[in-house]
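Comments concern the structure below.
Each value in this text was obtained by applying a stated rule to the coordinates, not by laboratory testing. Just so it is clear, the model here is predicted, and its values are computed rather than measured. Neighbour counts run over all protein chains shown; Cβ positions are idealised from the backbone, glycine included.
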Amino acid sequence: MSEPVLRLSGITRRFGALVANDGITLDLAAGEVLALLGENGAGKSTLVSILFGHYVADAGTIEAFGRPLPPGDPAAALAAGIGMVHQHSTLADNLTVLDNVMLGTEPLWRPLSRRREGRARLVATAERFGLAVDPDARVARLSVGERQRVEILKALTRDARVLILDEPTAVLTPQESEALFTTLRGMVAEGLSVIFISHKLDEVLRVSDRIAVLRTGRLVAAMPSRGTSKAALAEAMVGRAVAPPVAKPHARGDVVCVLDRVAMRGERVGERLDGVSLALHAGEITAIAGVAGNGQAALVDLLCGMRAADAGSVTLGGAALPADPRGWIDAGAARIPDDRREVGTLGDLPVWENAIAERYRRPFASGGIVRRRSARAYARRLVDRYDVRGAGIDTPVRTLSGGNMQKLIVGRALSGGASKPDAYLPTLIVASQPTWGLDAGAVAWVHQQLLDACARGSAVLLVSEDLDEIFALADRIAVIHGGRLVPPRPAKQWTLAEIGLAMAGVRDAA
Amino acid sequence: MLDALASMLANADFWSAVLRIATPLVFGTVGVLLCERVGVLNLGIEGIMVAGAFTGWLAVHAGAGLWTGVLVAAVTGALFGLLHGILTVPLALSQHVSGLGITMFATAVAYYAYRVSFPNVSTPPTIATFAEMSWLGVPVLAAQTPMTLVAIALVPLVAWVLYRTPLGLALRMVGENPAAAEGQGLSVYALRIGSIAAGSALMGVAGAFLTLSAFNSFFFNMVNGRGWICVALVVFAGWRPGKALFGALLFAFFDAMQLRLQQSDAGALPYQAWLMLPYVLSILALVAVARRASYPQALMRPYRKGER
Amino acid sequence: MRLEARGAVSPAMALAAPVVAVAFTLAVAALFVAWAGAPVGRTYALIFEGGFGSRFAWSETLTRATPLILTGLAAAIAFRARLYNIGAEGQLYAGALAAVAVGGLHGGTGFDLPPALLLVAMFAAAALAGGLLMALPAFAKTRFGVDEVVTTLLLNFIVLLFVSMMLDGPMKDPAAMGWPQSVALREELELPKLVERTRVHAGLLIAIGLAVLSWTAMRATTFGFEVRAVGANPRAARFAGVPVARTLLLVALASGAAAGLGGAIEVAGRTGYVTLDMSPGYGYTGIVIAMLAGLNPLGVVAAAVFVAGVLVGADSMSRAASVPTYIADVIVAVALIAMLVAALAARYRIRLR
């Protein structure tokens, strides 16, 4: 075997009490696709952030192409031929594709940018790897898939020989993922090496040559992909038995929420809806599949009372509601937003105030005075009942882990301020990406809550970009693209390929 | 009334006044622009102008050349900018409060230093200021000092740097999506702090124009809100250097006009009403453009390494 | 350099922060004193003596602290909702002007009101004037997205020019012989002195009362929750059902009213009329006080007394030593910056890598 292109030895990194990476030793061979598999929070992102110089390891060394890589220096990583495609877009919306690709490729103090050379290089690279883009397009106008192509081109135009992709398929349709895998194969054929980060077993087995499994910061297994079974991977990844959520029998009830030809205007595609009609029934989980930024945000904002429809009507329990979150809460909407830190919680406020935040006027205040004692008692019960760990009710909520924060948000939404547990049943549950970034245990917990509430008679709207999640939970699936909705059909009537095409906007598929 | 207006507009003195009023605003506005383009609000401008006005003037009063005075003012501004940069970039403190703190600090230091240097003066000491460029032969420009030419030349220079050089691309990127710059191996902290220091140096020069060109002495309250007006002008200009020059000239036009009307139209309105006009205009301009202004996306968003 | 959150801030840390900040400030200011060629120890002793060293010093400090408590409250209330009211200076003058308009012009409102009622009307007018002056930029913020910092700053200049216009025009005191000064307040509207032969007046009690009221409101009422929620994160607050725009508008009214009352109380308790130099920057100093107090209304009282002591002490010191009185402004400004950093250090560990 030839000299490895990358050699990580004993990488350790702590954040406070948490050991994110614990003595990880790992090689990457030339022309290899190495999958880094692990749950959310297993330490994958930390590891590649150290590799790329965003973080400095507390201990351990990295060698690239036989030479030591100076720690904490992204410029050195780039110079050594390491390219990274981040999980979140690192493109500037207001600049063009060419601007974004040329950034950092020239000496800073050059008096005139050589844009013509940069453009020629971009076009040549794009052709060579079959990644078509318009160099002069403003990034804000690109779709999520196109943005990812630009991100990859950014690395390739800088002659990256090692490409790191952090959860690249999370935002793609199944077909786009396929195209990405083909591109990766092409790159490997050109002599590049790839590190592919994922928590999805199927794609890891499909795309990689070798798999390294991380769990709670440690490297627990490394094996060739060929001959490895999904079950073995799952066990290595989770390391414990996670009881899968159990769907209780539930029956479709009356219509509780109706959207009739709803249109919403907005600057970006994601903020728009165009003639959306949808009826949500009690005792049924309706899922909305779609690639990020296709109108999910508008739909969720509408059903959370954050925005109003510009045309059409929306009713909950037969009544039309204005854009007022409190009105929706009082009408029985339980809302689980996708952004836990920026929307779901008030970071600097203590846990107990967050627990009553949606009900601070009723029932937790009278005459404008907060009923502190009953509010705190309620918060304590909520924390017990939903097993929110890691904080007392007086700690600022921002110190909670993502999983515990989500438990608080779900618990708050499902309890509705009622004095006895389970005395309250929401009419409608709006869950937007409810398991994003959670580990397997927390994912199963959230899924169980949704299934239980549905069995008790709530209507559930699940908006998710994760098709596995959708197929695991949904009774009916609708697909959103460009602000339009492909009407819901029973989950069993969809194939993965059909959903993928609908997500990409191919209307005939539906 | 219309006749008076027409004769005013035909008068070269009027246009000279417009340019003179615009000059410190151009320096200040471009300075604010350099800070905000990398994502940092700099409310230190008002105080930095006071400090620049003082140190530039003090240097000349102590025997240095006029251009040395300008340089001293620039360095003064850069130092305060550096402080603001450290407080707001790596320490990620509130840009509003830090900026106000810089304004209070710079103003207090300048006044204190003035009183220490000149404990017992009743009338402010004076210096020989920049001379008008009468040799230039161009009507309105000939009545200006060389600092005005520098201000006008500064605008295309900054536009060139921002839009034509790799450095400018990096600066714009840091104000739009700092994570992207970090991902390309650029130092967000260095770019931000550097640009804030450079912008603050220009604010210092803006102040120095007041003591080395417009007036010949340093006195209290001489900046009188010009710094705040620059902050408003940058929003009005949509963070573009060319429009910033236009905005400063437009503002100066109205200011010069109110000064004339105040003199010619005595009695109809109290003079204070005319003096309010520039501030009222600034607020109205802000209200008019705020909704459709395309802010630098990372403006007032502190960047923490490795956090997304 | 990296910031690492400490989680909850311990009470000891929260108390230590201002103490460390003040100590640092005095050390920096010592350099300035030394630069002026004065002995540092003696200068500080003189400042302390002038501010806190005698019954008279205390009376002057408390008199000066009265408007500062109110402008400090104005900043503390608004900043808690992350509404940056930098216009307390203008709101204070607006309040003062309104007070004289109701309680001085034409010998009062012109209506034959009993003095007690007139007093209430005077304070109400002052609070309303200050409140409305702040409501404008708050409205521009929520409706048009205009940053309130710049508008409130610019409004300060407009208000000062307006005051000047009034003092030249309709509110001019004919007996002042050209000195820019307003007509005087009716005598029965003047606030009683608290201590004989000093200038400490009942306004101090009003200011402290309002501080206690604000503290209670912030802590115990739904409005207090709304304010803190909007300050923590406006989007999350709206999601939870807090009426964000309305909250900001009410906060603006309350904040501006506090500063406006400060102006009225200065007129009714100290000056008796409005002049253009009645506030040496109380509005701006209020921001520093609010920050030193960690935006806690009760802390504002303590911070205002401290800052007032420094200002009064510096005045009296500069008469005795060769250090300009501007040393007080240097101390106040450095204290603001030091407090910012100290508060940060209490919340985060600052790691160099």
Could you sort the peptides A:365-376, A:454-465 by per-residue average Cβ neighbour count (10 Å cutoff), highest mean leading? A:454-465, A:365-376
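In peptide A:53-63, what is the residue-averaged number of other protein chain Cβ atoms found within 10 Å of each Cβ? List each step's numbers first, then the result.
Values: counts 4, 7, 4, 4, 0, 0, 0, 0, 0, 0, 0.
Mean partner-chain Cβ count within 10 Å for A:53-63: 2.
Please rank B:203, A:223, fewest neighbouring Cβ atoms within 10 Å first, as an exposure proxy. Provide the component values of the computation, followed by the final result.
Details: B:203 38, A:223 14.
If I rank by nearby Cβ atoms, fewest first, I get A:223, B:203.
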Under 29 Å from the Cα of residue B:243 - lysines, other chains or at least 8 residues apart: C:141
Spin-label model distance (nm) - residue A:202 vs residue C:351, 7 Å beyond Cα toward Cβ: 3.9 nm
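Can you list which of the trypsin sites (Lys or Arg not before Pro) found in the stretch A:389-425 are DSSP loop residues with at most 12 other C-beta atoms within 10 Å?
When the trypsin sites (Lys or Arg not before Pro) of the stretch A:389-425 are filtered for loop state and at most 12 Cβ neighbours within 10 Å, A:389 remain.
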Other protein chain Cβ atoms within 10 Å, averaged over every residue that makes up B:228-236: 3
Please work out the C-alpha center-to-center distance from the stretch A:71-132 to the stretch C:1-73 and express it in whole Å. 51 Å
Sort C:38-50, A:295-307, A:276-288 for me by packing, meaning the mean count of neighbouring Cβ atoms within 10 Å per residue, highest on top. A:295-307, A:276-288, C:38-50
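Given charges of +1 on the Cβ of Lys and Arg and -1 on the Cβ of Asp and Glu, with all other atoms neutral, how large is the dipole of the stretch C:132-254 about its Cα centre, in debye to the nearest 20? Kindly include the intermediate steps, with their values, before the conclusion.
Numbers: 12 positive and 9 negative charges, 114 e Å.
For this selection, approximately 540 debye.
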Just subtract the alpha-carbon distance of residue A:115 and residue A:252 from 0.36 nm times their residue separation and send over the number in nm, one decimal. 43.3 nm
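Can you give the average number of partner chain beta-carbon atoms within 10 Å of each beta-carbon in peptide A:102-115, as a whole number?
Working: counts 3, 13, 11, 3, 5, 2, 9, 3, 4, 6, 4, 7, 1, 3.
Neighbouring Cβ atoms belonging to other protein chains average 5 per residue here.
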Taking the Cα centre of each part, how many Å lie between the stretch B:243-276 and the stretch C:93-167? 26 Å
Quick check: Cα centre of the stretch C:249-271 to Cα centre of the stretch A:182-260, how many Å? 62 Å
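Between the DSSP loop rule and a limit of at most 10 other Cβ atoms within 10 Å, which trypsin sites (Lys or Arg not before Pro) in the stretch C:159-213 are left?
Filter output for the stretch C:159-213: C:197.
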Using only the alpha-carbon atoms, how far is helix B:146-164 inclined from the longest principal axis of chain B? Give it as 0 to 90 degrees, nearest 10. 30 degrees
Net charge of neighbours whose Cβ lies under 13 Å from the Cβ of residue C:282, counting Lys and Arg as +1 and Asp and Glu as -1: -2
Net dipole in debye of the stretch C:86-292 [+1 Lys, Arg Cβ; -1 Asp, Glu Cβ; about Cα centre; nearest 20]: 720 debye
Extend 7 Å from the Cα of residue B:264 along its Cα-to-C-beta direction; within the stretch B:1-23, residues with backbone N under 13 Å of that point are B:1-15
Give, as ranges by residue number, the residues of the stretch A:87-102 whose backbone N falls under 17 Å from the point 7 Å along Cα→Cβ of residue A:267. A:91-96
So for A:187, B:147, fewest C-beta neighbours within 10 Å to most, what's the order? A:187, B:147
Dividing the helical contributions, -39500 (n - 2.57) per DSSP H run of n ≥ 4, by the residues of chain A yields a 222 nm value, nearest 500 deg cm²/dmol, of -9000 deg cm²/dmol
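What ranking do B:273-284, C:228-239, A:57-68 get when scored by the average of other Cβ atoms within 10 Å per residue, highest first?
Details: B:273-284: 19.4, C:228-239: 22.8, A:57-68: 15.6.
Per-residue Cβ counts within 10 Å, averaged per peptide and sorted highest first, yield C:228-239, B:273-284, A:57-68.
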Once R0 is set to 35 Å, what does the formula 1/(1 + (r/R0)^6) return for the Cβ-Cβ distance between residue B:224 and residue A:124, expressed as a FRET efficiency to the nearest 0.05? 0.05
Give me the angle, in degrees from 0 to 90, between the Cα long axis of helix A:144-157 and the longest principal axis of the Cα atoms of chain A, rounded to the nearest 10. 20 degrees
Taking the Cα centre of the protein assembly as shown as the origin and placing charges on Cβ (Lys, Arg +1; Asp, Glu -1), which of C:3, C:230, A:153 is farthest toward the positive end of the dipole? C:3
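About its Cα centre, what dipole magnitude does the stretch C:268-353 give when the only charges are +1 on Lys and Arg Cβ and -1 on Asp and Glu Cβ, stated in debye to the nearest 20? Provide the component values of the computation, followed by the final result.
Working: 6 positive and 3 negative charges, 113 e Å.
Its charge dipole is roughly 540 debye.
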Derived scalar couplings ³J(HN,Hα) [the stretch B:45-58; Karplus, 6.51 cos²θ - 1.76 cosθ + 1.60; whole Hz; x for Gly, Pro]: 3, 4, x, 5, 5, 4, 5, x, 4, 6, 5, x, 5, 4
Could you give the angle, 0 to 90 degrees to the nearest 10, between helix A:115-128's Cα long axis and the longest principal axis of the Cα atoms of chain A? 80 degrees
Evaluate the distance, in nm, between pseudo-label points positioned 7 Å from the Cα of residue A:243 and of residue A:189 along their respective Cα→Cβ axes. 5.0 nm
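Which chymotrypsin sites (Phe, Trp or Tyr not before Pro) in the stretch C:55-124 pass both tests, a DSSP loop state and at most 13 other beta-carbon atoms within 10 Å? Could the numbers behind the result be given before it?
Numbers: sites: C:56, C:58, C:79, C:84, C:93, C:111, C:123; in loops: C:84, C:111.
In loop regions of the stretch C:55-124 (DSSP not H, G, I, E or B), the sparsely surrounded chymotrypsin sites (Phe, Trp or Tyr not before Pro) are C:111.
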